[in-house]
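Quick notes on the structure that follows.
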Amino acid sequence: MGDLTFPGMLWGRVLRAAHPHALIKSIDTSKAEKVPGVVRVLTHKDVKGLNGYGIAVPDQPVLCHDKVRYMGDAVALVIAETREEAAAALDKIEVVYEPLPVVDDPERAMLPDSPLVHEGGNIHLHTHIERGDVEAGFAASAVIVENTYRLPRQMHAFLEPEQGVGVSDGNGGVTVYCGAQHPYRDQMQISRALGIKPSRIRVVASPVGGAFGGKDEITLQILLAMGALATGRPVKIVLSREESVVAGWKRHPMVIHMRTGAAADGRILAHQVRLVSDTGAYASLGGPVTNLALEGCTGVYRMENILMDGYCVYTNNGVAGAFRGFGQLQANYAMEHQMDLLAEALGMDPVAIRRVNALRGGDVNPLGHTMVENVGALSVLDAAERCDLWARRHELEAEPPSEPWKRRAVGLAVEMQGTGLGVGLPDYGAAKIDLVRGPDGRPRWRVGLSCPEIGQGNSTTYAQMAAEGLECDVGDVEVYVGDTSAGPDSGSCTASRSVYTGGNAIFHAATAMRELLRKKAPAVLGCTEEEAAQAELSEIARAAVAKGITLSADGAFIWPESKYKLQGVFGLPHIINTYIAHVALVEVDVLTGQVEVLRSFAAIDCGKVVNPQGVQGQSEGGMVMGMGYALMEDTLIQGGHTLTKNFSTYIIPTSLDAPLMETVTCESFEPTGPWGAKGVGEAVMVPIAPAIALAIRRATGALMDHAPSTSERVFTKGGVRLGG
């Protein structure tokens, strides 16, 4: 996106809030409008429709008019001939604020006397889930483990900060080029905010090298469209890294309190959870993230007695939204610690206690859904147990470390990640296939769907699937994604749904195209129906394009429904899941607390593997990202002000930190999936974090209940252990 330019293009800069929480008394743009090069200065008065956006609740202003709730709130948009002139004008905008008390602790925000971020109260969502008799389960338990886990605010850290270009068509319409994850939903939100028909808005979600959920919500799309329509010229906005950090979405920090009881044989008899999630200043997807975190708090395990409460809370701590793992990472970190602690208390092997409790096909899971789909918890657990890291863990831990003051240990964790949006939420996909004549005269198959390419390689997978369905070479398939003018709405590129949902839509479109070609074969080939029935599809396609015939076929897919729905809870349970186990070997410097991950192993059940190289890439990237969450990543906010504004203070893993990684796939066949496939993009980063933390515990004896496990925390909790 950074190199996208248009003739006559202007530059936009956004005026952000000067306080994390304040009333706006007045906005005066007169001086800014007189700055040389300035073309327009837009405020809330220029928002012609609903001055709000948000996937679940449109509670975030496009441009604030009466109140700011975090430092990234947009107050005005300056459009000028150059980026520098726009920046100079920002300093001339005069905004009078009345500061309000800052709400920076989600648990304090829940108190009755807390200052309000929103008038309706600071608790955006409270979800209560209860099955069985928890107290009876605890009474029957041989051991009870109780702990509180604190999980950090992670930054997406994508290579390309939020940016884009809005281009007016000169007739009231606009095209927005922007890194995004759901072009049609962006189109809807632009339409709602600007008061123009969706048909006048084209959204092109240009391929980018990463999003991870951070571009699922509106970033700049509405402002780009506003600027282009207000000036009649292309308008480009590029956020700096610092502005991206302050204004952009983050992973929800959570405090999770768990109390888990088990019988002497390891069976979980009772499980109680209280979860508080800090969604920041606006709702975005905080509610669904909280619900999915509760689902993740039961892990891959059978539990008949559960009592869980999840709270999604407003604060002035930036904004939190979708992030790879979507609440499951935080929950899995806590749950897998509970499993190891139960094993310790009972004198059981960590794998053994997981095997005792692992869900099997036909089981009713803790949320009441009967597991009728392919259940791979045991297959990935078995693969992890057989891998070299775990099978030889005692030998590896006893090997001489690189220095005498270092200790080595191995940790293991397991997870299942729901594919798709979950029960109760509309989840659909659509695709279009066109047969056209290529430049060389040969048939070309154009596949169009809106689910964009954000670095995970779904365009390649879509081409492979289409080639399979159309009985042609992959090289004959052209895939067009992320453009509302090039393909039907196939939903968001989130929730590990792209391959499953988009692939199913392609499957149905390819089936329709095959049927259409077979129907037209006698006329196209000039033969009898019996002869046409014996012809290969490629032969029919060649004959069709040679005669100038073009054909189109559509395919649509709607997710299967669960017979069981939680009353009043949307997005739960998930009925299609990906299963994964991670094993990590770490070396801990007990003098400094520094941790190095030496090796890691992943066993993945994502159904039938369509693109092995793609799965391996996702696995390795996910392991490194999860390693960052485990050891170093935390966006620090104090009093509503972000302290870690760039990569000099917010540390992420580099290639030098990456361990020796191994990935194996435990292939299965998902009967509802396209050619048996399921999603893989999120699960791959989840259990590596608890696996690393549990390895640190084995090495030092320290319970890493506060992530990330920085050297300071490891040293403080683990102390100096130089003896055996």
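The values are calculated or read from the model by the stated rules, or taken from the named source; none is laboratory data. Remember, predicted model here, so these are calculated numbers, not experimental data. Glycine gets a Cβ as well: all are built from the backbone with ideal geometry, and neighbour counts include every protein chain shown.
What to note about this one:
- Verdict on THR716 being modelled with pLDDT of 95 or more and either closer than 21 Å to LEU389 by Cβ or out of contact with any Ser or Thr (no Cβ under 9 Å at 6 or more places or on another chain) (or both): no
- Count of segment 567-591 residues which are small (Gly, Ala, Ser) and more than 20 Å from the chain's Cα centre (by Cα): 2
- Residues of segment 545-566 satisfying the condition of being more than 21 Å from THR419 (Cα to Cα) and either under 39 Å from the mean Cα position of the chain (by Cα) or not assigned by TED's automatic domain parsing to the domain that holds GLU468 (or both): THR550, LEU551, SER552, ALA553, ASP554
- Matching residues, segment 373-399, being in a helix (DSSP H, G or I) and charged (D, E, K, R): ASP382, GLU385, ARG386, ASP388, ARG393, GLU395, GLU397
- Every test in (1) of a type outside the set (Val, Ile, Thr); (2) over 30 Å from TYR462 (Cα atoms); (3) under 26 Å from the mean Cα position of the chain (by Cα) is passed by LYS406 save one, and that test is (3).
- Qualifying residue in segment 676-698 (condition: touching a residue at least 60 places away in the same chain (Cβ under 8 Å), surrounded by fewer than 20 Cβ atoms within 10 Å (Cβ to Cβ) and not basic (Lys, Arg)): yes
- Residues in segment 199-233 that are in contact with a helix residue (DSSP H, G or I) (Cβ under 7 Å, 6 or more places away or on another chain), small (Gly, Ala, Ser) and within 30 Å of GLY622 (Cα to Cα): ALA205 only.
- Of everything in segment 518-539 that is free of Cβ contacts under 8 Å to residues at least 40 places away in the same chain and among the aliphatic types (A, V, I, L, M), the residue that is surrounded by the fewest Cβ atoms within 10 Å (Cβ to Cβ) is ALA533.
- Count - residues of segment 560-598 that are surrounded by 18 or more Cβ atoms within 10 Å (Cβ to Cβ) and farther than 25 Å from MET685 by Cα: 4
- Any hit, segment 187-194, residues being touching a strand residue (DSSP E or B) at 6+ places or on another chain (Cβ under 9 Å), within 12 Å of THR484 (Cα to Cα) and touching a residue at least 40 places away in the same chain (Cβ under 8 Å): yes
- Any hit, segment 129-151, residues being farther than 30 Å from ARG302 by Cβ, in contact (Cβ under 8 Å) with a residue 40 or more places away in the chain and in contact with a strand residue (DSSP E or B) (Cβ under 7 Å, 6 or more places away or on another chain): no
- Test: residue in segment 271-283 that is touching a Leu at 6+ places or on another chain (Cβ under 7 Å), modelled with pLDDT of 95 or more and polar (S, T, N, Q): yes
- Any hit, segment 331-347, residues being touching a residue at least 12 places away in the same chain (Cβ under 8 Å) and part of a loop (DSSP other than H, G, I, E, B): no
- Criterion: surrounded by 22 or more Cβ atoms within 10 Å (Cβ to Cβ) and either of a type in the set (S, T, N, Q) or assigned to a helix (DSSP H, G or I) (or both) - qualifying residue of ALA76, ALA86: ALA86
- Residue among THR260, THR219 that is crowded, with 24+ Cβ neighbours inside 10 Å, polar (S, T, N, Q) and assigned to a strand (DSSP E or B): THR260
- Checking LEU224, LEU275 one by one, the residue that is touching a strand residue (DSSP E or B) at 6+ places or on another chain (Cβ under 7 Å), touching a residue at least 12 places away in the same chain (Cβ under 8 Å) and closer than 16 Å to ARG13 by Cβ is LEU224 and no other.
- Selection within segment 126-144 - surrounded by 20 or more Cβ atoms within 10 Å (Cβ to Cβ) and assigned to a strand (DSSP E or B): THR127, ILE129
- Some residue of segment 457-479 being surrounded by 19 or more Cβ atoms within 10 Å (Cβ to Cβ), in contact (Cβ under 8 Å) with a residue 40 or more places away in the chain, β-branched (Val, Ile, Thr) and more than 22 Å from GLY418 (Cβ to Cβ): no
- Scan of segment 652-695 for residues that are of a type in the set (D, E, K, R) and part of a loop (DSSP other than H, G, I, E, B), ordered by number: ASP657, GLU667, GLU670, LYS678, GLU682
- Here ARG542 meets each of (1) touching a residue at least 40 places away in the same chain (Cβ under 8 Å); (2) within 30 Å of GLY420 (Cβ to Cβ); (3) not aliphatic (A, V, I, L, M) with one exception, condition (2).
- The one condition from (1) surrounded by fewer than 24 Cβ atoms within 10 Å (Cβ to Cβ); (2) under 30 Å from LEU159 (Cβ atoms); (3) modelled with pLDDT under 95 that GLY368 does not meet is (2).
- Checked against (1) at positive phi; (2) surrounded by fewer than 17 Cβ atoms within 10 Å (Cβ to Cβ), LEU50 passes all but a single condition, namely (1).
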